[in-house]
Amino acid sequence: ATFHEGRLYFGGSASLPSSLFGSKVGDFFNFKAAEGLDDDAIKITLSTDSVNTVTGLRSGRDLQIFTTGAEFFIPQGDLDPITPANVVAKSSTKRGAKPFIKPQAAEGGTLFIQRSGKAIRELLFSDVELSYVANNISLLASHLLVDPQKMALRSATDTTEGDLFLIVNGEDTL
């Protein structure tokens with residue numbers, strides 16, 4: 001779940017794993033569809049050729065949706081808010097995110113663990129492609145990822161230190 005522009009968003013449910021639910025603006029526990037007004041609740045299903053179970057959401061430049069099979073975003077042109085009338089999810093990459101590990105905001109991007117658990121990727125907006133790209137930032141250290149279970153990022157508090165990035169690995173079964 002995440003907050004984005006005055007709405008509370010939930011991704012996926014047991015019966016609708018590929019759906020996204022947005023609350024009424026300013027009324028975080030009201031998910032009832034009404035007249036389709038701009039501030040009414042939103043429900044959208046990711047229509048793809050496979051079931052993409054939502055694994056994480058992040059509020060950034062756009063609302064980012066991470067699933068088991070791909071990464072999506074809800075574009076907002078000209079700073080227009082997301083409404084029931086204009087909501088559309090666009091696919092950006094098809095890497096997939098590992099379930100139960102929350103994506104982390106880092107500078108202008110979003111860090112997430114790829115579905116296989118063997119790569120850390122950074123989702124960044126590309127002005128050239130007008131979409132997001134998912135660069136592998138663990139290319140030279142993928143051997144350090146052994147069944148990742150948790151991920152956290154602590155931002156630096158002053159200019160003399162860097163950000164602290166932590167991955168908690170599961171048990172090594174090798």
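The values are calculated or read from the model by the stated rules, or taken from the named source; none is laboratory data. All of these numbers come straight from a predicted model, not from anything done at the bench. Here the Cβ is made from the backbone with ideal geometry for all residues, glycine too, and neighbour counts use every protein chain on show. Accessible surface areas use protein heavy atoms only, side chains included; no ligands, DNA or RNA. Shrake-Rupley method; radii C 1.70, N 1.55, O 1.52, S 1.80 Å.
In terms of the Cα gyration tensor, with a ≥ b ≥ c the square roots of its eigenvalues, is the stretch 26-110 rounded because a/c is under 1.5, prolate because a/b exceeds b/c, or oblate?
Verdict is prolate for the stretch 26-110.
Can you work out the accessible area per residue across the chain, with the rest of the protein chains kept in place, probe 1.4 Å, in square angstrom?
Values: 10060 Å² over 174 residues.
Each residue of the chain exposes 58 Å² on average to a 1.4 Å probe.
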Handout entry: Cα-based shape type of the chain, given that a ≥ b ≥ c are square roots of the gyration tensor eigenvalues and the cut on a/c is 1.5
Key = prolate
Fill in the blank from the handout: residue 85 and residue 139 label points (each 7 Å along its Cα→Cβ direction) are spaced in nm at 4.5 nm
Handout entry: Whole-percent carbon and sulfur share, accessible surface of the stretch 68-132, 1.4 Å
Key = 53 percent
Exercise for the section: Quick one: among 96, 109, 77, which has the greatest mean-square fluctuation in a GNM of the chain with alpha-carbon springs under 10 angstrom? Expected result: 77
Practice task
For the stretch 129-138, just list the computed ³J(HN,Hα) in residue order, Karplus coefficients 6.51, -1.76 and 1.60, θ = phi - 60°, integers in Hz, with x standing in for Gly and Pro.
Solution key: 8, 6, 7, 9, 10, 10, 7, 7, 9, 10
Exercise for the section: Sticking with the crude label model, points 7 Å out along Cα→Cβ, report the distance from residue 116 to residue 76 in nm, one decimal please. Expected result: 3.5 nm
Completion exercise
Per GNM of the chain with C-alpha springs under 10 angstrom, the most fluctuating residue out of 66, 28, 125 is 28
Exercise for the section: Quick one: among 67, 159, 93, which has the greatest mean-square fluctuation in a GNM of the chain with alpha-carbon springs under 10 angstrom? Expected result: 159
Exercise for the section: Multiply the residue separation of residue 154 and residue 43 by 0.36 nm, subtract the distance between their alpha-carbon atoms, and state the gained length in nm to one decimal. Expected result: 36.7 nm
Handout entry: Euclidean distance of C-alpha centroids, the stretch 50-100 and the stretch 12-27, integer Å
Key = 13 Å
